[in-house]
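Asks: I have a structure here, written as structure tokens, and I will follow up with some questions on it.
The values are calculated or read from the model by the stated rules, or taken from the named source; none is laboratory data. None of these values were measured; they are calculated from a predicted model. Backbone-built Cβ (ideal geometry, glycine too); neighbour counts: all protein chains shown. Accessible surface areas use protein heavy atoms only, side chains included; no ligands, DNA or RNA. Shrake-Rupley method; radii C 1.70, N 1.55, O 1.52, S 1.80 Å.
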Amino acid sequence: MAEIEREAMEYDVVIVGAGPAGLSAAIRLKQLDADLNVVVLEKGSEVGAHILSGAVLDPIGLNKLIPDWKEKGAPLNVPVKEDNFYMLGEAGKLRIPNFVMPPLMNNHGNYIVSMGNVCRWMAEQAEEMGVEIFPGMSCSELVYGDNGEVKGVVAGEFGKNADGTPGPSYEPGMELHGKYVFLGEGVRGSLSKQVIVKYELDAKSDVQKYGLGMKEIWEIDPDKHKEGTVTHTMGWPLGGNAGGGSFIYHLENNQVYVGFVVHLNYKNPHVFPYMEFQRFKHHPMVAELLKGGKRVAYGARAISEGGFQSMPQLEFPGGALLGCSAGMVNVPRIKGNHNAMLSGIAAAEAAIEAIKEGRSGDLVGGYDAAVRKGEIGEDLKKVRNVKPLWSKYGLVASLGIGGMDMWTNTLGFSIIGTMGHGKNDADATEDASKHTKIDYPKPDGTLSFDRLTNVSFSFTNHEESQPAHLQLTDPSIPVDVNLPKYAGPSARYCPAGVYEFVEEEGKDTRFVINFQNCVHCKTCDIKDPSQNITWTVPQGGDGPNYPNM
């Protein structure tokens, strides 16, 4: 096929991803130099369409970026009024007193928000300052300069046939070039993954670790609604099968966010994270809250959990990794949005200095150090041992030793130094023969739902004639290796029912990829034990359309 010719547009800074990190960078750049040409490219159909987060927002990043956010109408309307921590058993619960929790776990001063709506508001602020924002523009390729630096991205390629060839309505997209390119794609971004490998940005960091976060929005009985209440749980139903826990946040309009996180380093390939979430809602405490209510939305997203020791180098020739593209979530706090905003601010300030010096296409300089030695590093360093303790020794050790370590870290030292994470999450998966199959209760259609029904509440849509954006390195591996060795875990770890093994009488088992269901969580790219699935972007605008996540 002849080489595709594309038009090119030149900018000072090109930002991939209209999440809290990318939008913070765009706003800060324009605050520092109103004449700068800044563009933000977003693969969702609109800003916020692909944003899924808990979320209790620590406003530290927003305070720094837009100090008068309240006067400007930022959608932070529900301050946290009450914090609850519970250890669950199958039928009971034990409250963990707030006073034993380290101060950093206190949610006083934080807000229950829809991060999708926060990002929509931030995009309005950015556009008023002259930032160009293009939603529905998937960035499918990196563009490299003569010296091997990143000089831009390809965005807006549409109309390919299923086999990857140009279709009758093919549009080649454009190259958008920048003096610097910021990647704010979120967890396991496809371009971020490429630059980490190409420039060996993770050569000196620990492996990255992940969780799978699933979330539903419920409208509940007004008599049960307690606006501003934050509840976190651990224990049942996961037990020893996997690490993780839940969150229940009461926002406005009699709505609650009900979420469940499963750490993806589980050993037993029979674990079915989605069904663990559905089972959780049948706990008496949760079932009573949701009784008489209705679920109005569903979604799922991977969460970076490696923390301080797993952050790769943040600068590469021609650009920088922002927010969760690098992994900046504080695991025990279940918060990363504040750090994403702070990283965008720091990257913008470093880029401004470089551009003032007449530089481009090199290491921006100063950004990586600002993150590690500044507020983000301070936040993440205090909790760096919680995740590895949980992974290696279980929940009780994580609560006990990890809690003590967080307390001492508030005084500036750690009792155990810095622990390593060990294996990545794919390698943690063990042979199915070593584990017992888990019998999950069938969803009842009232509190719990099958995956395909729930996926319809993510409002996901993909143009079916395009190439599958979930690519197999070796198409034979799912049936020949993963099915006999690991009992076909992709049929379970995907929270959207994308993957299935189809058995037909007299025929070989087929591996089917229903990419139309994909909610862009990236779990398959992370957890597949053979590392055989690569998540790439579909054409722009496709995927979930989250209304209020």
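Asks: Report the normalised scattering of the stretch 264-313 as log10 I(q)/I(0) at q = 0.17, 0.21 Å⁻¹, calculated by the Debye formula with identical scatterers on the alpha carbons.
Replies: After summing over all Cα pairs, the log10 values are -0.78, -0.94.
Asks: Once fully extended, how much extra length lies between Lys437 and Asp202, figured as 0.36 nm per residue of separation less the alpha-carbon to alpha-carbon distance? Please report the intermediate quantities before stating the final value.
Replies: Values: separation 235, 0.36 × 235 = 84.60 nm, distance 3.56 nm.
Here the answer is 81.0 nm.
Asks: Let me ask something else about it. For the residue pair Gln194 and Phe99, what label-to-label distance in nm results when each label sits 7 Å from Cα along the Cα-to-beta-carbon direction?
Replies: The two pseudo-label positions are separated by 5.6 nm.
Asks: If you roll a 1.4 Å probe over the heavy atoms of the protein chains, what accessible area per residue do you get for the stretch 310-353, in Å²?
Replies: So the stretch 310-353 comes to 15 Å² accessible per residue, rounded to a whole number.
Asks: For the stretch 430-438, just list the computed ³J(HN,Hα) in residue order, Karplus coefficients 6.51, -1.76 and 1.60, θ = phi - 60°, integers in Hz, with x standing in for Gly and Pro.
Replies: Along the stretch 430-438, the couplings run 9, 4, 4, 5, 8, 9, 8, 5, 9 Hz.
Asks: Can you work out ³J(HN,Hα) from phi for every residue in the stretch 502-508, in order, using Karplus 6.51 cos²θ - 1.76 cosθ + 1.60 and θ = phi - 60°, giving whole Hz and x for Gly and Pro?
Replies: Listing the rounded values in order: 9, 9, 10, 4, x, 10, 5 Hz.
Asks: Would you list which lysines come within 17 Å of Lys160, measuring only between C-alpha atoms, while excluding same-chain residues fewer than 8 positions from it?
Replies: Lys160 reaches Lys43.
Asks: Here is a further query. Mind ranking 154-164, 323-333, 186-196 by how tightly packed they are, going by the mean number of other C-beta atoms within 10 angstrom, highest first?
Replies: Numbers: 154-164: 16.6, 323-333: 27.0, 186-196: 22.7.
The most tightly packed comes first, giving 323-333, 186-196, 154-164.
Asks: Leaving out ligands and nucleic acids, note down the accessible area per residue over the stretch 432-549 with a 1.4 angstrom probe, in whole Å².
Replies: Values: 5370 Å² over 118 residues.
On a per-residue basis, the stretch 432-549 sits at 46 Å².
Asks: Let me ask something additional. So what's the projected area for the stretch 401-528, the Cα convex hull averaged over all directions, in nm²?
Replies: Working: hull surface 51.9 nm².
Taking the Cα atoms of the stretch 401-528, their convex hull projects to 13.0 nm² on average.
Asks: Over the stretch 125-165, what lengths in whole Å, largest first, do the semi-axes of the equivalent ellipsoid take, defined as the square roots of 5 times the eigenvalues of the alpha-carbon gyration tensor? Walk me through the numbers on the way to the answer.
Replies: Working: eigenvalues 124, 80, 5 Å².
Each semi-axis is √(5λ); the values are 25, 20, 5 Å.
Asks: From the P(r) of the chain, could you give the percentage of C-alpha pairs in the tail past 48 Å?
Replies: 6 percent
Asks: While we're looking at this one, here's another question. In square angstrom, what is the accessible area per residue of the stretch 40-162 with a 1.4 angstrom probe? All intermediate terms of the calculation are to be shown ahead of the outcome.
Replies: Details: 5240 Å² over 123 residues.
Normalised by residue count, the accessible surface of the stretch 40-162 is 43 Å².
Asks: How charged is the neighbourhood of Gly244? Take every other residue with its Cβ under 12 Å from the Cβ of Gly244, and add Lys/Arg as +1 and Asp/Glu as -1. Present the calculation step by step, with values, prior to reporting the outcome.
Replies: Values: positive: Lys387; negative: Glu276, Glu305.
That sum, taken over residues with Cβ under 12 Å, equals -1.
Asks: Of all the accessible heavy-atom surface of the chain, with the other protein chains kept in place and a 1.4 Å probe, what percent is carbon and sulfur? Write down the numbers at each step before the final one.
Replies: Numbers: 10800 of 21590 Å².
Ligands and nucleic acids excluded, carbon and sulfur give 50 percent.
Asks: Report the percentage of all Cα-Cα pairs in the stretch 447-497 whose separation exceeds 18 Å, rounded to a whole percent. Intermediate results must be reported in sequence, preceding the final value.
Replies: Numbers: 650 of 1275 pairs.
Tail of the P(r) past 18 Å holds 51 percent of the pairs.
Asks: If you don't mind, there's one more thing I want to ask. Straight distance only, please: which lysines reach the Cα of Lys291 with their own Cα at less than 26 Å, same-chain residues fewer than 8 apart left out?
Replies: The qualifying lysines are Lys81, Lys93, Lys215, Lys224, Lys226, Lys281, Lys442.
Asks: Kindly provide the Kirkwood hydrodynamic radius of the stretch 230-308 in Å, to one decimal, from all pairs of distinct alpha carbon atoms. Could you put the intermediate results ahead of the total?
Replies: Numbers: mean 1/r = 0.0727 Å⁻¹.
Across the stretch 230-308, the inverse of the average 1/r is 13.8 Å.
Asks: State which entries of Lys267/Lys382; Lys204/Lys381; Lys423/Lys522 exceed 21 angstrom in Cα-Cα distance in the structure shown. Walk me through the numbers on the way to the answer.
Replies: Details: Lys267/Lys382 27 Å; Lys204/Lys381 16 Å; Lys423/Lys522 19 Å.
The answer is Lys267/Lys382.
Asks: If Lys and Arg each add +1 and Asp and Glu each add -1, what is the summed charge of the other residues whose beta carbon sits under 11 Å from the beta carbon of Pro166?
Replies: Numbers: positive: Lys160; negative: Glu157, Asp163, Glu171.
Overall, the nearby charge balance is -2.
Asks: I've got another one for you. Return one quarter of the surface area of the convex hull spanned by the alpha-carbon atoms of the stretch 1-45, equal to its mean projected area, in nm². It would help to have the intermediate numbers written out before the result.
Replies: Values: hull surface 18.3 nm².
Computing the convex hull of the Cα atoms and averaging its projections yields 4.6 nm².
Asks: With no solvent and one point per C-alpha, what does the Debye sum give as log10 I(q)/I(0) for the stretch 321-465 at q = 0.10 Å⁻¹?
Replies: -0.62
Asks: Grab the alpha carbons of the stretch 57-188, take their convex hull, and tell me the volume per residue in Å³.
Replies: Working: hull volume 32.8 nm³, N = 132.
Dividing the Cα hull volume of the stretch 57-188 by its residues yields 249 Å³.
Asks: Packing-wise, with mean Cβ within 10 Å as the measure, how do 70-77, 56-63 rank, highest first? All intermediate terms of the calculation are to be shown ahead of the outcome.
Replies: Working: 70-77: 14.1, 56-63: 20.8.
For the peptides 70-77, 56-63, the packing ranking is 56-63, 70-77.
Asks: If you don't mind, there's one more thing I want to ask. I'm checking a number: the convex hull volume of the Cα atoms of the stretch 95-149, normalised per residue, in Å³. What is it?
Replies: On the way: hull volume 13.9 nm³, N = 55.
Per residue, the Cα convex hull of the stretch 95-149 comes to 253 Å³.
Asks: Under 15 Å between alpha carbons, and skipping anything fewer than 8 positions from Lys437 in its own chain: which aspartates and glutamates qualify?
Replies: Glu276
Asks: Order of 48-54, 400-406 by packing, highest average Cβ count within 10 Å first?
Replies: Details: 48-54: 26.9, 400-406: 19.0.
Sorting 48-54, 400-406 by mean packing, highest first, produces 48-54, 400-406.
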